[in-house]
Amino acid sequence: MKRENGKQTSYETTLQSFRDELEEAVCLLAEEEPESAQLLQSKKVYKERIQQEIKSSFDSFEKTMQTAVIQLFSALTEIANLQPDLLSKQVRQDTAQLAAFPKALEESIKKIKKGAEQNKSYQEILGVSEATMEAFYQAAKYLYEHKQYEEASAVFQLLTALNAKEPLFWLALGNSEYFCQRHESALIAYAIAGHIDPFDPTCHLYSCKCYEELQQIDKARNALDLALIAIDGIEGQALLVQKIVEEQQRLSLKR
């Protein structure tokens, strides 16, 4: 956290206030716990555990976002050597605005609430251009292709936060999580991608691999069934259908 003259910044103060309010709300819920749960642990112990979990969640979120920004800027710098046109003036302006955004959290929250009421994405609320989103995606892709999966995952999380309606971001996040051996997280990302674009079988094919890694063969085969449903009636998919059927037969031998 950055501090100015030894004092908390507006961002830190607002974040701490939000944490306190969240802890208070959760602790109030603890008062309504069933008697059987209260027999297992005192309210004081329960509250302390909840407070620790909230702090841990916030710390994890902040660490992820810090990693995302650092890795994003680093990858953009390296890509600029190969693709000078990628970092246009607009992209640089959007990037600077995005980096400064959390420091004005109070104003940010107002903008987010107003934008949410209009069903806008964070990308639209922040005014981030498509050119900038493409540059960010290329940076994340660069990290992924260089097998920096942890860093790629952080940047793809940032991209899904900016525009949660883009299935490609979710697929890429799922792939990054897969190679980080976080298969359940990958499955969530794939599921969201499939919800956004139900006619793309890719998410189901990737999900199949995750389920197989988790030794959940029935679910893996079910994912292949969903892939077949997604492409049912679509011309030019005969070869893919054949491969999916062969994969189903392979998995049936593992049951």
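The values are calculated or read from the model by the stated rules, or taken from the named source; none is laboratory data. Not measured: the values here are computed from a predicted model. FYI the Cβ positions are ideal-geometry reconstructions off the backbone, even for glycines, and counts take in every protein chain you see. Ligands, DNA and RNA are excluded from the accessible area calculation, which covers all protein heavy atoms including side chains. Shrake-Rupley method; radii C 1.70, N 1.55, O 1.52, S 1.80 Å.
Structural remarks
- Mean separation of Cα contacts under 8 Å, 6 or more apart, over the residue count of the stretch 182-228: relative contact order %: 37 percent
- To the nearest 10, the accessible area of Lys120 is 90 Å² with a 1.4 Å probe.
- Ranked by the mean number of other Cβ atoms within 10 Å of their residues, highest first, the peptides 169-175, 189-195, 77-83 come out as 169-175, 189-195, 77-83.
- Spin-label pair Gln248/Asn222, simplified geometry with 7 Å Cα→Cβ offset, distance in nm: 1.5 nm
- Paramagnetic reach from Gln93 (point 7 Å along Cα→Cβ, amide N under 18 Å) across the stretch 130-174: 130-136
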